[in-house]
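Heads up: the structure comes next, in structure tokens.
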Amino acid sequence: MKAFLENTLQALVNHPDRIVVAELIGRQTVILEVRCHADDIGRIIGKNGKTISALRVLLSGLAAKQKRKAFLEVVE
């Protein structure tokens, strides 16, 4: 999931080298924290949050295959 998210976000932003994804794995949950350049936060969130919502749906689908729940957070 981490690699998928990194590759997807690097394609969206202007500063792909500044994308850092931290993965915290629990028994039934996975928390993915994204850190990026300040100019790219808007690109990741998208208009009315549509881009981040779409990423959360995709991650939830990947996590469901592993019988887990995934949470995606953008950290400043």
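The residue that is most open to solvent (accessible area, probe 1.4 Å), among those in the stretch 1-24 that are among the β-branched types (Val, Ile, Thr) and more than 18 Å from residue 57 (Cα to Cα), is 20.
The residue pairs whose first member lies in the stretch 27-51 and is at positive phi, whose second member is open to solvent by 30 Å² or more (accessible area, probe 1.4 Å) and not basic (Lys, Arg), and whose beta carbons are closer than 8 Å, counting only pairs six or more residues apart or on different chains, are 46/53; 46/54. Among the residues here, residue 69 does not qualify as of a type outside the set (Val, Ile, Thr), at pLDDT 95 or above and out of contact with any strand residue (DSSP E or B) (no Cβ under 8 Å at 6 or more places or on another chain). Please find, within the stretch 38-76, the residue that is nearest to the chain's Cα centre (by Cα) out of those that are surrounded by fewer than 13 Cβ atoms within 10 Å (Cβ to Cβ) and within 12 Å of residue 13 (Cβ to Cβ). Per the criteria, the residue is 42. Considering only residues in the stretch 25-37 that are open to solvent by 50 Å² or more (accessible area, probe 1.4 Å) and in a loop (DSSP other than H, G, I, E, B), the one that is farthest from residue 68 (Cα to Cα) turns out to be 27.
The values are calculated or read from the model by the stated rules, or taken from the named source; none is laboratory data. Model, not experiment: these values are computed from the prediction. Cβ: placed from backbone, ideal geometry, glycine included. Neighbour counts: every protein chain shown. Only protein heavy atoms, including side chains, enter the accessible area calculation; ligands, DNA and RNA are left aside. Shrake-Rupley method; radii C 1.70, N 1.55, O 1.52, S 1.80 Å.
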